[in-house]
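Below is one structure; the comments refer to it alone.
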Amino acid sequence: MRGRRRQRMCSRQSTGLHSEPQHCFQDRKRRGGIAVSIRKKAKAEYDRKYRKKNRARLKAEKAAYFQRTYDPIKAAKERKKKMPAHVEYCRQPKYKAWKKKYDKQRRESKFGPFAEAHAMLLKLKKEIAKQEPDRFNRYAQAQRHQWNPTNQQRRKRGNINFNTDGLKS
């Protein structure tokens, strides 16, 4: 039985060897008769105060412990294990909707008080792009306007010139 922990009793009565077993209040006497739930709340409050008071020292100790025990190879293996679950999470429609909204807010926040004006400008540009025929714009972006056969014939005749922006001058 060596190595096993036995429950300590204060007397023969608590062990049940006496004809009328009585409850042992030894533990309560030792702790001042305070209930466990109250002790836990008091301890939690004490810990909060202690952490607030000794924040710098605790942070330094944690940083030193991290430096001593950090293994980059082991950490990389752990990250690789979690990666498939992360990728699957990122594919969920709920996450995609949240991310889209978050990214939009983040981009708009760069404009500070003019964020709403910038959002309206983007909507306006989108509407204009929808309504205008964009064939010329597509050619200009791809810089294909110079190689269009019709434009080459015009250039030979001298009827067309393009400036550096790719627009007709």
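The values are calculated or read from the model by the stated rules, or taken from the named source; none is laboratory data. Quantities reported herein were computed from a predicted structural model and do not represent experimental measurements. Here the Cβ positions follow ideal geometry from the backbone for every residue, glycine too, while neighbour counts run over all protein chains shown.
Looking at Tyr102, Tyr89, which one is surrounded by 10 or more Cβ atoms within 10 Å (Cβ to Cβ) and closer than 30 Å to Met120 by Cβ? Walk me through it before giving the result.
Details: Tyr89 fails: closer than 30 Å to Met120 by Cβ.
So the residue among Tyr102, Tyr89 that is surrounded by 10 or more Cβ atoms within 10 Å (Cβ to Cβ) and closer than 30 Å to Met120 by Cβ is Tyr102.
Taking the stated definitions as given, is Lys80 at pLDDT below 95 and at negative phi? If you could, list the steps in order and put the result at the bottom.
On the way: at pLDDT below 95: no; at negative phi: yes.
Against the criterion (at pLDDT below 95 and at negative phi), Lys80 does not qualify.
More than 30 Å from Ala119 (Cα to Cα), modelled with pLDDT under 95, part of a helix (DSSP H, G or I) and among the polar types (S, T, N, Q), is that true of Ser37? It would help to see each step written out before you state the result.
On the way: more than 30 Å from Ala119 (Cα to Cα): yes; modelled with pLDDT under 95: yes; part of a helix (DSSP H, G or I): yes; among the polar types (S, T, N, Q): yes.
Taking the combined requirement at face value, the residue satisfies it.
A quick yes/no check of all residues on (1) surrounded by fewer than 10 Cβ atoms within 10 Å (Cβ to Cβ); (2) of a type in the set (Val, Ile, Thr); (3) at pLDDT 65 or above; (4) within 40 Å of the chain's Cα centre (by Cα):
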site: Lys96; (1), (2), (3), (4): no, no, yes, yes
site: Pro113; (1), (2), (3), (4): yes, no, yes, yes
site: Leu122; (1), (2), (3), (4): no, no, yes, yes
site: Glu132; (1), (2), (3), (4): no, no, yes, no
site: Gln141; (1), (2), (3), (4): no, no, no, yes
site: Gln152; (1), (2), (3), (4): no, no, yes, no
site: Lys156; (1), (2), (3), (4): yes, no, yes, no
site: Phe162; (1), (2), (3), (4): no, no, no, no
